[in-house]
Every structure is written in structure tokens, then in C-alpha cells.
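I have placed the structure first, in the form of C-alpha cells, so that the comments after it can refer back to it.
Each value in this text was obtained by applying a stated rule to the coordinates, not by laboratory testing. A quick note: this is a predicted structure, and the numbers were derived from the prediction, not measured. Note that we place each Cβ from the backbone using ideal geometry, even for glycine, and neighbour counts take in every protein chain shown.
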């Protein structure tokens, strides 16, 4: 031996024997091998190493550490380790090794070359640790994670299927409502067709028209993704287009001027009835004979909510023949009450002007 | 109601609700068209389509034998002389290619919507290119200029 490079000098009394005793007593498993002898055999191991591996000193000394390896020892890690040792580089890693009794354990290790003064590798020193518990923990953690992920996936699938069912149900109900409205409307119109001209027929036709207005409301609902709101502007345009279809446009015009408003779906049916009733009333009574004129429907936001103005330049309330049943007017007043609104009939000179104020809460129109 | 300026159309009504079918026939008559018959199931509809030689078939999706209106549309529109128009409250069932149909009238429909669409069909059959812009409650098929079908969306195109 040519001697070793000097590091920090040892205080007096700390001899090699002291180190040998300290290493022997250390709880960290340690082993030294000698690469200058064939096959790099173990030349020293401490008590902790013997405890870890289950071998006696005689069974290890003179043998290569591969004695600890077994069928599941990772060949890739071994290759990395051997390459490092051949090149005289340190190695740090974990191997699945086997005790003498055959039980495997995760063997964490650092291996460092020990060089002489000339720089030649004369020993390898390795400090080791049993990493089996850590591995078990990691494995348990991974299992727990996998289980958690599975559970999340299952729940997501459950929720998705619940949502699909809900959507399918909504479509089914929507379809049935629309179909039933169609049946009701057809029923009324059929009866109207078979009723002789007169009051009864007019009443049936008027009812069919009201159902038509409700149908327009329903057609607009659920049509654009958001099931809770409807586009008031488009809705009014559609509603009025139905009324305008029967008009002699040269004599009477009907016009709408509405702001873009996304209203709560619950308001669709009452608003449809309200606008239909007032506009129909104006068209029917404001322009007797060959009188010309226009009906306008305006809707704007106001401080209280929404202001709806239905105005005509016809003969005015005083001249219009009184409606004996007054059903239309009662209907309008009931609907306005349902919408918690207020209603004002006024003479517009010429014609009639009806102003309805409907309060809107945040839920009605965001 | 839109005036019929073209010759009356011969119309097949494919609808399983008898009340709707009966009323629709009355309406078609009012509009100056001719009903060539009513079919409530797929087989009757396809058979009538062959024998009654309609110009137009108004086809509901849900019939007595299930949602077979789509296959009825496909069979009837195989004859280029027949214009198929869906008439349904269940537009979600319509496939992206509309099964050969020209478009879909939404239920519940207004008389004006039916009149407008039939006028549009009559004009198309006469070789003109009428506008669909004023037709409420009607969605043309993508082939007929309705834009990509998103399954029951009635949103109007921005002007």
C-alpha cells in the first residue's frame, strides 16, 4: 500500500482502531470491497450489514456482492452500477436484494471509490439502508391514488350519465308539451271549422289564437341551450308576425320596437298572452270600417323593470263597442297581476294607449 | 295568409296524431292545396308516397311505430319529384343531412308558418330561389342554405 491522501488531521487519540470500532457499532449497514482482487470481493462488513442481509462474515468475505442479488433484481440498475464502478465513479441507487433466507428487501446504497495517494481505486466503500418500508409506502400511496382516481372516474361517469338522462328527460317533456299544444290547437280549430259563423265560432277561433300565442312562447323556450331564459325581442317579433299575417297591410300596420332582453322562462307564457290579447284587441276594435292606422308595441327597460306600451291611433276606447263578456280585459288584468305589474289605459288622442310596468328582479332579467 | 301563386301542391301528411293530421288537412285545403292522404306509420307513408304521387310530404318524426319519420323522409326523398319537409316538436332527432328533407317546421306551428313554407316550396319547385329569411319557425336543411345543423337550434343568423 502506498498511503492515502491526507484530509483533516485526526485529533490525538483517535486511531484507526477508533474508526474500526465506530463503524462496527454504527446502525448504518456498511461494506468494503477490494477491486484489486479478482471479482471485487467483500473484505469488510459491519454488524448492521450482517443483520440486514442475514449472512455471517465468513459467508460474505471473499465473495462478490452479487451473492445478494436474486431473480427480481433490476438488471438495468446493475448495469449502471457496474459501469460506474468500472469507471471509478460513485454510485447511488436502489436495488431489490435478497437476504440469506430468500426474503427480498429494497437495498438503498451509496458506493464510493477509495483512492490511494496515486489516485488508484483501492477499495469501494458502501453505506446502505433498508428502503423496503419506503417502497411499501410508495406502493400503498400509488394504490390509494389509483383507487381515488378510479373513484373519481366512476363518479364523473355517474354524473355524466345522470346529466344525459336529465337532458333526455327534458327533451322528452319539451317534445310532449309542444305536441300537446299542437293537438289542443288542432282540436280547437277543427271545432271552429265545424261551428256555424257567429259568436261561438269567434270564441273558439279566439281561444285557438291564444293557444297559438302560448305555442309561440313554447317554441322559443329550450331552443337555444339556455333553458331558463328566452330572447324577448325575437319572441315578440314572432308573436306579432303571426298577428300581422292576417292583416291588410295597406290599411293597418303593426310594428314592434323592443329592446334586447333575456327574460326568465317563467315569464314567457304570461307575456305571450298579454301581448297577444292587447294587440288582437287593438286590431279588432280600433279600426272599424275602412279606417286606417297602426298599432305599435314598445318594450324597454325602465327603473322598475320593464315598460310595455301598446298603442293604436284608432277610434279610442269611448267609441269602441263595449265587450259584453269583457273576457279579454279580465285576462289582461289577471296576467298583469300575476306578473306583479301595473296597468294603465289612457286615451292617446287619437286612439288608445296601454302602459304596463312589470317589475324585473335579478332572476327575471340579469 | 300567403297567397298561393303557384299551382296547388299535392301534399302527403305523415302524422300519427289524428287530430293534428285532420286539422292540417283542413289548413292545406284553406291554403288552396290538396291533401293526397294521411299516413300514421312508416310503411303506410312509404306506400302512399309511391301510389299517391305527392309533390310534398309533411313528415312528423314520431309515428305510431316509433321515431321512424327519418327513414320515411329518406325513402320519400329518394324520388326527386317529392319535396320532404319535417314537421316535428322533436327536431333533435333529425340527422345532420336531414335525410333528404328540405327543412323542418317546428311544432307547435302557426298557420302562417305552414303557409309560408308551402309558398317557399312551391316557388322552389317552379325554379325560383325564394328567400327563407322571413320564415319563422322554419329551419332549412344545410343543403337548402340553412347552415350547419346543430340539432334543434332555431337561432337566426345574424343579419
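Please give the FRET efficiency for residue A:103 paired with residue A:22, using the beta carbon to beta carbon distance and R0 = 22 Å, rounded to the nearest 0.05. It comes out at approximately 0.15. DSSP beta bridges confined to chain B are antiparallel in about 20 percent of cases. Could you work out the mean count of beta carbons from other protein chains within 10 Å of each residue's beta carbon in B:108-119? Mean inter-chain Cβ contacts per residue within 10 Å come to 5. Reported to the nearest whole Å, the Cα centre-to-centre distance from the stretch A:179-207 to the stretch B:21-94 is 24. Highest mean packing first, where packing is the average number of other Cβ atoms within 10 Å per residue, the peptides A:240-249, A:150-159 line up as A:240-249, A:150-159. Counting, for every residue in A:239-247, the Cβ atoms of other protein chains within 10 Å of its Cβ and taking the mean gives 3.
For the listed peptides A:333-339, A:116-122, A:203-209, a ranking on the average number of other beta carbons within 10 Å per residue, highest first, reads A:203-209, A:333-339, A:116-122. I'd like the orientation of helix A:199-220 relative to chain A: the angle between its Cα long axis and the longest Cα principal axis, in ° from 0 to 90, rounded to 10. For A:199-220 against chain A, the angle is about 20 degrees. Explain nothing, just the number: relative contact order of the stretch A:17-130, from Cα pairs under 8 Å at least 6 residues apart, as a whole percent. The value is 26 percent. Highest average first, the peptides A:182-191, A:137-146, A:261-270 ordered by how many other beta carbon atoms sit within 10 Å of their residues are A:182-191, A:261-270, A:137-146. Sorted fewest first by neighbouring Cβ atoms within 10 angstrom, A:126, A:296, A:342 come out as A:342, A:296, A:126. Helix content alone sets the calculated 222 nm mean residue ellipticity of chain A: runs of n ≥ 4 DSSP H residues at -39500 (n - 2.57) each, divided across all residues, give -15000 deg cm²/dmol. Classify the protein assembly as shown as rounded, prolate or oblate, taking a ≥ b ≥ c as the square roots of the eigenvalues of its Cα gyration tensor: rounded when a/c is under 1.5, otherwise prolate if a/b is larger than b/c and oblate if not. Judged from the Cα gyration tensor, the protein assembly as shown comes out prolate (a/c at least 1.5, a/b above b/c).
Taking the centroid of alpha carbons for each part, the stretch B:110-147 and the stretch A:55-74 are 89 Å apart. Calculate how steeply helix A:232-244 sits against the longest principal axis of the alpha-carbon atoms of chain A, using the helix alpha-carbon long axis, and give the answer as 0 to 90 degrees to the nearest 10. Rounded to the nearest ten degrees, it is 30.
DSSP bridge analysis restricted to the protein assembly as shown gives an antiparallel fraction near 65%, rounded to the nearest 5.
Based on the Cβ-Cβ distance of residue B:47 and residue B:125, what FRET efficiency does E = 1/(1 + (r/R0)^6) give at R0 = 22 Å, to the nearest 0.05? That pair, residue B:47 with residue B:125, gives E of 0.40. When both the stretch A:109-160 and the stretch A:259-308 are represented by their alpha-carbon centers, they are found 75 Å apart.
Across peptide B:94-107, the mean count of Cβ atoms from other chains lying within 10 Å of each residue's own Cβ comes to 1.
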